[in-house]
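Written out below as structure tokens is the structure these notes cover.
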Amino acid sequence: MKKAVIIPLAIALVILLAFATTNAYRVPTADISFVECDERPTSVATVEFEVSGLKCRGTARTFARQIQDVPGVVSFVAYARTHSAIVEYDPALTDPDAIREAFEEPILHEGKTYEVFKMVSVAGE
Amino acid sequence: MKVLRTLVQVLFLGGVVALLLRGLAGHTPNTCEYYCPFGGLVALYPLARYKAYACALTELNVALLVSVLVLTVVSKKSFCGWVCPLGTVQEWLGRLGGKLFRRRFRLPKGVDRVLMNLRYVVLIAVPVLTFTVWKFDLGFRAYDPFYILFTWGGHETAAFSFYIVIGVLAAALLIPFFWCRYLCPMGAAMDPLSRAGALRIRRNRDTCTDCGECDKACPHAIPVSRVDEVTARNCTNCLDCIEECPVEGALELSWFGK
Ligand code: SF4
Ligand code: SF4
């Protein structure tokens, strides 16, 4: 029966390997550009937010709608696994605080307001 | 060994229950779906075709799918017998049912065999429906007892979803591992690899007394006493047969039956 110990060891090993390798095949949940290629500003800054509420393609599309009208927002990439939103913006026109304010804005739906997105953390790149 | 397996089962079941409670309290946006290996299987088609994940699926689902398949090659359906929380709940209900009714119910062999193929239908139907009728949404959530139970009626479930869970759990009281045996698509995906699984039960003909205790002990109705090595696709390496065998060494865990 000593061999039986191999089973939990194998379970632990394959699960550890799964968590250790996920970043190797990271694919965005959404990748949206708000400007045409030839309209891209010459200088672009990037900010990465961790956002509660950003958990699938649908919520990523809603997130994009929340920030698309902020002047200077260039593009947005979402990763549902890490709940992260990486936003490119023109630093001459906007900043991370304005972007945060836009996505945290409550959403009106069928007469009710919902606070869908809340920033958990922020990191500049 | 029973203690070790129970400990592992409690660990994983406790994990999803903790996730459920934290989710209900609003402390985490992740549900059990975040860690579901079957989600990895559903994710494969859009990943290959559009380089994108459907709905809330991520690379973690794919990584865990690969893990489960590798585990199956090594140790048959150990995922079902040691890890899967829905398997654990059904196992415990099956034991309770055994005590309540003093027997395990089995469907007639022919019916059982036909119904066992239903899980292949589910395995094909779920991805096909996801990309057609459900338009890349995870519509299976409303029918998946794992998701319904461990999100306690999460996103996209409906009132009928709870009837599905109640039905599956009630059936598991009577027929051991009802969902796994007849409907689980993840189990179906593991089947071909499970047959070849390296770690398997071996019966020693010289010491075996043909008492049949192992057959009675096996919750998956595998006729252990009639084979030299268990290659059956449903074997979860739960080791219950070894536990119940009265003859020391008549059954043992082996590499490829050697
Ligand atoms: S009782 Fe034995 S044969 Fe049956 S599933 Fe468990 S390990 Fe496999
Ligand atoms: S329980 Fe042990 S001795 Fe009895 S039939 Fe099974 S392997 Fe043989």
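Per-structure values
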quantity: All-pairs alpha carbon distance profile, segment B:88-218, 5 Å steps from 0, percent; calculated: 2, 9, 14, 17, 20, 16, 11, 6, 3, 2, 1, 0
quantity: Residues listed by number, segment B:53-91, amide nitrogen under 12 Å from B:Ala198 label point at 7 Å toward C-beta; calculated: B:70-76
quantity: Cross-link pairs A:Lys55/B:Lys77; A:Lys2/B:Lys77; A:Lys118/B:Lys135; B:Lys2/B:Lys77; B:Lys77/B:Lys258; A:Lys2/B:Lys76 - those with Cα-Cα distance over 26 Å; calculated: A:Lys55/B:Lys77; A:Lys118/B:Lys135
quantity: Rg/Rh (Cα only; Kirkwood hydrodynamic radius) as it applies to segment A:26-123; calculated: 0.96
quantity: Relative contact order of segment A:26-123, defined on C-alpha pairs under 8 angstrom at six or more residues apart (%); calculated: 35
quantity: Rounded tilt (10° steps) of B:159-174 against the dominant C-alpha axis of chain B; calculated: 0
quantity: Net charge of Cβ neighbours under 10 Å - reference A:Ser121; Lys, Arg +1; Asp, Glu -1; calculated: -2
quantity: Under the Debye formula (equal points on every Cα, no solvent term), log10 I(q)/I(0) of the protein assembly as shown at q = 0.13, 0.14 Å⁻¹; calculated: -1.06, -1.19
quantity: Local electrostatic count at A:Asn23 - Lys and Arg +1, Asp and Glu -1, tallied over other residues with Cβ under 14 Å; calculated: +1
quantity: Degrees between helix A:6-21 axis and first principal axis of chain A (Cα, 0 to 90, nearest 10); calculated: 20
quantity: Chain B: angle of helix B:59-75 to the longest principal axis, Cα-based, in degrees nearest 10; calculated: 10
quantity: Label-zone membership for segment A:30-61, site B:Lys51, 7 angstrom Cα→C-beta point, backbone N under 16 Å; calculated: A:30-33
quantity: Along each principal axis, Cα extent of segment B:160-208, largest first, Å; calculated: 52, 25, 12
quantity: Shape category assigned to segment B:2-44 from the gyration tensor of Cα positions, a/c cut at 1.5; calculated: oblate
quantity: 10 Å binning of all Cα-Cα separations within segment B:198-255, expressed as whole percents from 0 upward; calculated: 28, 63, 9
quantity: Stokes-Einstein diffusion coefficient of chain B, Kirkwood radius over Cα pairs, 20 °C, 1.002 mPa s, in µm²/s; calculated: 112
quantity: Segment B:198-255: relative contact order in percent, alpha carbon pairs under 8 Å with at least 6 residues between; calculated: 52
quantity: Span from the segment B:166-202 Cα centroid across to the segment B:98-156 one, whole angstrom; calculated: 11
quantity: Stretchable slack from B:Lys2 to B:His27, in nm (0.36 nm times residue separation minus alpha-carbon distance); calculated: 5.6 nm
quantity: Electrostatic dipole magnitude of the protein assembly as shown [Cβ: Lys, Arg +1; Asp, Glu -1; Cα centre; debye, to 20]; calculated: 2380
quantity: Segment B:176-231: trypsin sites (Lys or Arg not before Pro) in DSSP coil with no more than 11 other Cβ atoms inside 10 Å; calculated: B:Arg205
quantity: Within a Gaussian network of chain B (alpha carbon springs, distance under 10 Å), most fluctuating of B:Leu183, B:Leu118, B:Leu199; calculated: B:Leu118
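No value in this document is a laboratory result; all are computed from the given coordinates. Computed from a predicted structure; not experimentally measured. Note: ideal-geometry Cβ built from the backbone for every residue, glycine included; neighbour counts use all protein chains shown.
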